[in-house]
1. Filter segment A:216-226 down to the residues that are in a loop (DSSP other than H, G, I, E, B) and open to solvent by 10 Å² or more (accessible area, probe 1.4 Å), then identify the one that is farthest from the other protein chains (Cβ to nearest Cβ).
2. Identify the single condition in (1) free of Cβ contacts under 8 Å to residues at least 40 places away in the same chain; (2) more than 14 Å from every other protein chain (Cβ to nearest Cβ) that residue A:175 does not satisfy, given that it satisfies every other one.
3. Please go through segment A:32-51 and give me each residue that is open to solvent by 10 Å² or more (accessible area, probe 1.4 Å) and over 12 Å from the mean Cα position of the chain (by Cα), ordered by number.
4. Evaluate the following for residue A:87: is it in a strand (DSSP E or B) and within 14 Å of chain B (Cβ to nearest Cβ)?
5. Look through segment A:127-138, keep the residues that are farther than 15 Å from residue A:150 by Cβ and not aliphatic (A, V, I, L, M), and return whichever of them is most open to solvent (accessible area, probe 1.4 Å).
6. Would you call residue A:74 buried (at least 18 other Cβ atoms within 10 Å of the Cβ), among the polar types (S, T, N, Q) and either touching a residue at least 12 places away in the same chain (Cβ under 8 Å) or within 11 Å of chain B (Cβ to nearest Cβ) (or both)?
7. Looking at (1) under 24 Å from residue A:136 (Cα atoms); (2) open to solvent by 40 Å² or more (accessible area, probe 1.4 Å), which is the only condition residue B:9 fails?
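The values are calculated or read from the model by the stated rules, or taken from the named source; none is laboratory data. Since the structure is predicted, the reported quantities are computational estimates derived from the model, not experimental observations. Ideal geometry is used to build each Cβ from the backbone, glycine not excepted, and the neighbour counts take in all protein chains shown. Remember, those area values only see protein heavy atoms, side chains included, never the ligands or the DNA or RNA. Shrake-Rupley method; radii C 1.70, N 1.55, O 1.52, S 1.80 Å.
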Amino acid sequence: MPEIRKRYDALVIGGGITGMQAALDLGEQGYDVLLVEKYASIGGIMVGLNKVFPTLDCSSCICTPRMAESAHHSRIQLQTWAEVRQVEPEGDGFVARIEKKPRYVDEDMCIGCSKCELECPVDVPHEFDQGLGARRAIYIPHGNAIPQKAVLDVEHCIFCGKCEKVCPTECIVFDQQPEQVETRVGAVIIATGLDITPMALKPEYGGGRFLNVMNPLAMERVQSSNGPYGRVLRPSDGKIPRRIAYVQCAGSRDRSIGIPYCSRVCCMYSLKQALLLRHYIHDVEVTLYHLDIRAFGKGYEQFYRRTMNEGVRVIKGKVATINEVENNDLVVRVELLDEGGRVDEHRYDMVVLAQGLIPAWHARGVVACDEASDGFLTTPEGKINPSFTTLAGVYVAGVAAGPKDIPDAIVEAGEAAMAVAGRLQRIGWHKAPAVAAAAN
Amino acid sequence: MGEKTTTGKAERPRRPIEILRDRMGGVSKELQASVKEQGRIRKLLRGALAGGPRTVPELGAECELPTTTVLWHLMAMRRYGQVVEAGEAGDYVRYALKGSE
């Protein structure tokens, strides 16, 4: 991997779909971009999703070409397994301090053959599969990972040395150290994406306690053909589930947990998963309990209708509690809002909580742009310059600025890239190649 | 003359893996126990599957293990090519050792 240089036109923080799109939009205009990703692969949340709504296109089939394009673009330099520790204004631009975490693998030498992973004797719950599947202590992040390079999880290493012995290129480097690097950039785009609201905020739903109460990202992986089970099974005993419930707003629009906003995507990802369950398990009953369905995007209302037409039961009801009974089945107690508030109970094999979105990263202590009370970055000119933050030269795109779906995040990435291009010309940071050649 | 230890032998230079292990404070007791337990469970599962394809509840009962534990280990074995699906039995999938199905 090339060393981080002393100067770039722009730094993009976050290698998910938003960050990749922003980097590509800048790279295509001839700007040099450093794209920093904290995980060992780019691709973010999107590469782990099963399909996207409302088209039901394969998510990784859309995401992986963007990943490859970002990795091979002559104007984009990737730095995975690294974190931006500080961004400070300096002159017209910024000085960025980046920590490269040790992979304990020489990235230039690793050929991604997986021999180390196959030989490693330690199995660990795999974060990419939400803990439902396994990886090894040394592993390639996932099948679509870019770069296809191994990384050693030193916390789970038993130092048996088997990986070192089988590696055909001798690329295991146990004495690798964290490295602090400094670079200068003309502008910054924050595209740090999302996390989901913690299940613990809604203890009445039993998330984290009951094995068959699942988070929506886990369901994405379970539905994926390359997921932890290779088909839809429930985690408690591998049963093919026949009765599944979705509980909407299980972490959004709830002032009691400090998350008053609507997360905007939960209705649609739940409808999508519910419909796909009907495709994957022919006799499954899927019930979706909601307060109201928000299908606001292009083709979304039609998708909602299609979901109901294909047999998903959509019921207006407020779920009060979920309790576990024998065989790890779950009883959902619900107030039926269209039946005068009648309270009903139903038994399910599995329940998916439609948890909301929260920011995955906070600027505090790293870069001096403000966050709103909900933790998302403040966009003071949200109507006309939605990517502007409170610090000139630092821009935001995607869920770092607030909950949104993939198309909106991509549009925002383009807007941020154009704002950066304008700034770089305005401050004279970027010299077009022809001008630079003449100057030399 | 090289420096001599009290035993009279020159000390072997420490390998990077040893230096890293020491820097990490060795292998924790929890990790040692977890790896040992992993070995015990895999042996039980391989033993039961040697008798033919089994579902997760059947393996749980035969090996006296929680079914969620069986599923996780079975899926780890599947991922790394030791176990394959071998049809369905009611609401459950049957699994077999690779090559025996």
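1. Applying the filter and picking the extreme gives A:225.
2. Tallying (1) free of Cβ contacts under 8 Å to residues at least 40 places away in the same chain; (2) more than 14 Å from every other protein chain (Cβ to nearest Cβ), residue A:175 fails exactly one: (2).
3. A:32, A:50, A:51 - these are the residues of segment A:32-51 that are open to solvent by 10 Å² or more (accessible area, probe 1.4 Å) and over 12 Å from the mean Cα position of the chain (by Cα).
4. No: the conditions fail for residue A:87.
5. This residue is A:127.
6. Answer is no for this residue.
7. It is condition (1) that residue B:9 fails.
This table checks each residue for (1) buried (at least 21 other Cβ atoms within 10 Å of the Cβ); (2) more than 27 Å from the chain's Cα centre (by Cα).
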position: A:89; (1), (2): no, yes
position: A:94; (1), (2): yes, no
position: A:97; (1), (2): no, no
position: A:101; (1), (2): no, no
position: A:104; (1), (2): yes, no
position: A:107; (1), (2): no, no
position: A:112; (1), (2): no, no
position: A:115; (1), (2): no, yes
position: A:125; (1), (2): no, no
